[in-house]
Every structure is written in C-alpha cells, then in structure tokens.
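A quick write-up on the structure given underneath.
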Amino acid sequence: SFVRGWARDNTFNTRTQLLAALCLPTAIRMGVAELQELSVGLRIDLASLLAIAPSATPRRPALRSFLTRTRDEAVCPQCLVEHDYSRQLWSHALATACPRHGIRLVDRCPSCGGAFSHNRTSARVCDCGMDLRRIEAVSADPLECEVARLLAGDAPSAETLPFLSGNPAAPLDIDLFMLGLANHFSSSTPAARQEKRGKS
C-alpha cells in the first residue's frame, strides 16, 4: 500500500510501474537488497521500509513473509471508508476479520467476482471499477476478530482468550501456532486435502 500510494502521488498508475521504473522486482515480498535499492530510489530511510515490509522474523505476526498473500489481498470496506490505504493485516493468509470494525474481510469483488490485486490503482477500487467502500459489511465471529487482533500484534482480550490475558502484546508466533493447529486437525485423506474450504 505504501508503494501504491507513493506511485499514485508521483504520476505512476500502479506500484508495478513505479518498481519497473526503478528496475526493481514487482513482487510483494522483497529481500533486504531490493528494499535497500527501493529506499535509495524513493529517498526514504531503509529502516522505515524494513519496519513495514514482510519478513521471516516479523515485529508483528501480520508481517510474516511466507504467510503473505502475494497475488491479492482481502479488504475491510469500513476501514476504506475511513482511509484509502491497505492494512498490513489484509495480506496475511490467516486473517479473516477486521479487529477494529468486527466484520469479515472480503476477498472477492461482488461485482466482477475477481480477487483484489495488490496492483490496483487505489485500495478502495477494484480493477473492475467497483467502489469497495460500498460492499455490505458482514459481522465476524468474536473469535475471528480476536485472531485478527493477535495477528495484528494487539494485546489479547481477557474476555475471548483469558488464558493469554495479561500479555502486553500477541505472541510473535501466534500465526505459526494457528497454522500448526490447522495442520494437526485437518483430515489426512488426499481427497479431503484437495478441498478448499474458507479460512474462517
């Protein structure tokens, strides 16, 4: 979202156009060398870019690089009403809810049925032109919201997860723990593994 906004503010239509102009790869996940080149190209402090980039050792679970959705993201329509930028949480593969608004994240456009590309011109508009702020909000389960809070790095709720209450922040590996639980409890039959059920 940062690169998309910088591109839009500097006469580029998309983030990939900006990155191509800087002779950088257009991937969402960049290594330190590419981030260093980006910091030079944009005249931005490298530490600032490292703080918001996906990483193998993230400061918040939402930034775990191997769990970053690289082709598309989910969105919270109510967040987009407030501000036109993508949130880091929306790209985490295990995030299904917005912890701020208590609604389900949407990952398909109700107008065209397509996914929300990282390369769209604005966070609030689908590639088909639909204004994503107009998507109907659907309430999320409280546990989904709590998981999203933990992925975002927020402190656990005493009401929803009392066994984690008292911690000032989410455990940094909570997403890995959840992934391990999901793998443990998933069916081991090949036919069941091929089914793609919703994340929620």
Exercise for the section: Report yes if some residue within the stretch 40-62 is at pLDDT below 95, closer than 20 Å to LEU105 by Cα and in contact with a His (Cβ under 8 Å, 6 or more places away or on another chain); otherwise report no. Expected result: yes
Practice task
Output yes when any residue across the stretch 5-18 is open to solvent by less than 20 Å² (accessible area, probe 1.4 Å), without any contact (Cβ under 8 Å) to a residue 24 or more places away in the chain and more than 26 Å from ASP154 (Cα to Cα), and no when none is.
Solution key: yes
Exercise for the section: Considering only the stretch 99-148, state which residues are under 26 Å from ASP9 (Cα atoms) and part of a helix (DSSP H, G or I). Expected result: LEU132, ARG133, ARG134
Completion exercise
The correct count of residues that are acidic (Asp, Glu) and either at pLDDT below 80 or touching a strand residue (DSSP E or B) at 6+ places or on another chain (Cβ under 7 Å) (or both) in the stretch 158-186 is 2
Completion exercise
The number of residues in the stretch 125-154 that are of a type in the set (Lys, Arg) and modelled with pLDDT of 95 or more is 2
Problem - Given (1) over 24 Å from LEU172 (Cβ atoms); (2) open to solvent by less than 60 Å² (accessible area, probe 1.4 Å); (3) in a loop (DSSP other than H, G, I, E, B), number of the condition THR26 does not satisfy - result: (2)
Handout entry: When residues of the stretch 73-95 are limited to those that are assigned to a strand (DSSP E or B) and touching a strand residue (DSSP E or B) at 6+ places or on another chain (Cβ under 6 Å), the one surrounded by the fewest Cβ atoms within 10 Å (Cβ to Cβ)
Key = VAL75
Exercise for the section: Go through the stretch 96-126 and give me each residue that's open to solvent by 40 Å² or more (accessible area, probe 1.4 Å), free of Cβ contacts under 8 Å to residues at least 40 places away in the same chain and within 24 Å of LEU67 (Cβ to Cβ). Expected result: ARG100, HIS101, ASP107, ARG108
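The values are calculated or read from the model by the stated rules, or taken from the named source; none is laboratory data. Because the structure is predicted, anything quoted here is derived from the model rather than measured. Here the Cβ is made from the backbone with ideal geometry for all residues, glycine too, and neighbour counts use every protein chain on show. Each accessible area value is taken on the protein alone, full model and side chains, heavy atoms only, with ligands, DNA and RNA left out. Shrake-Rupley method; radii C 1.70, N 1.55, O 1.52, S 1.80 Å.
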